[in-house]
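To start, the structure itself, in structure tokens.
The values are calculated or read from the model by the stated rules, or taken from the named source; none is laboratory data. The structure presented is a predicted model; accordingly, all values stated were derived computationally and were not measured. FYI the Cβ positions are ideal-geometry reconstructions off the backbone, even for glycines, and counts take in every protein chain you see. Note: accessible area is taken over every heavy atom of the protein model, side chains too, but ligands, DNA and RNA are not part of it. Shrake-Rupley method; radii C 1.70, N 1.55, O 1.52, S 1.80 Å.
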Amino acid sequence: MAEKNITIGGQALIEGIMMKTPEKYSVAVRKPDCTIDVKVYKNKKMKFSKIPILRGMEAFLDSLVTGYKCIMSSTEISMGTDYEEDALEIWLKKHFGEKATNILTMIAGVMGGALALVLFMILPTAITGFIDKFINLGGLKAVVEGTSKLLIFLIYLFGISKMSEIKRVFSYHGAEHKTIACYEAGESLTVGNVRKYTRFHPRCGTSFMFLILIVSIIIFSFVPWKGTLSRALLKVIFLPLVLGVSYEILRYTGTHSNLLTKIVSAPGLWSQRLTTNEPDDDMIEVAIASVNAVLPETRIINEKNKSENTDE
């Protein structure tokens, strides 16, 4: 078994799982022929990894970019020869060649970020401003805004959790959490061992999103409300600070166990009931393959296949 002090995080993909350590990350995907495709990549060096707040902002942006690349890769691998590029992909590859994937990643990142800003930052403020036109909320504006934000988030999670394609992704999400928990407990990574662990994990991205919402509510409860538009702009401006503070809280709650951390982690862990499902054995096998690929003992194997399995 590998050293227990190596921190492993992950992300559910399309028929696969990405696992990540400070040095590298792996993408394991179940192929149409039922075999597991595993590739290992080097992590980009984080410039602000030791600077609180700044490292949170950098980690968030890096996770968005890396996560989308992994999802694109898993989609192609899981669909095999049945995968057909859409018109945009064909046009980009024709005009930009190898840079097409990076361009698609950038476009998707911008669109995803814009949607998140509208849903969770701007819409709650707009709703509160609209209500205030008819009912004078006074000092309750921040409360109404915060409640609206949480409700939108939970409705969004509940809605996508009912989509059949997303249900499988959330099952892989459960496999990711259970496998990491088994690894952190020091047990051998077998399907039987992994299955008995919980599918809820304090360092989950869902918990991070929940923390971002809570931290933003707290921070903006101290910001004067001078108008709906100005407040929405202020929320965008202060978003990096919110991300940084949320990340530090997540790091602390993920490595400490006491009454305070349990209270702080509780809402995020509860929300994972919407974003994780119990996985089947095949999904757990993919998760185990992904974890094994980033453990120290796999380093020699990966170095021999450096040109094939790692980023330049």
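Here are a few things to note about the model shown:
- Residue-normalised accessible area of segment 195-274, expressed per residue, 1.4 Å probe, Å²: 54
- Accessible-area order (highest first, 1.4 angstrom probe) of the listed residues M111, M57: M111, M57
- Cα centroid separation, segment 228-250 to segment 32-62: 22 Å.
- Three-way shape call for segment 207-267 based on the alpha-carbon gyration tensor, with the a/c threshold at 1.5: prolate
- In order along segment 240-255, the Karplus-derived 3J(HN,Hα) couplings, from 6.51 cos²θ - 1.76 cosθ + 1.60 at θ = phi - 60°, round to x, 5, 4, 4, x, 5, 4, 5, 5, 5, 4, 4, 5, 5, x, 10 Hz, and Gly and Pro are given as x.
- Global geometry of segment 108-150, whether rounded, prolate or oblate, following the gyration tensor of its Cα atoms and the 1.5 cut on a/c: prolate
- Compared with the alpha-carbon gap, the fully stretched path from I131 to N258 is longer by 41.7 nm at 0.36 nm per residue.
- Estimated FRET transfer efficiency when R0 is 35 angstrom, pair E187-L140 (beta carbons, to 0.05): 0.10
- The peptide list 31-42, 262-273, put in order of mean Cβ contacts within 10 Å with the highest first, becomes 262-273, 31-42.
- With all protein chains in place and a 1.4 Å probe, the accessible surface of segment 191-242 carries 76 percent carbon and sulfur.
- Peptide ranges 146-153, 235-242, 7-14 listed from the most packed, as the mean C-beta count within 10 angstrom indicates: 7-14, 146-153, 235-242
- Remark: spin-label model distance I155-I51 equals 4.0 nm, labels positioned 7 Å along the Cα→Cβ axis.
- Dividing the radius of gyration of the alpha carbons in segment 148-256 by their Kirkwood radius gives 1.09 for Rg/Rh.
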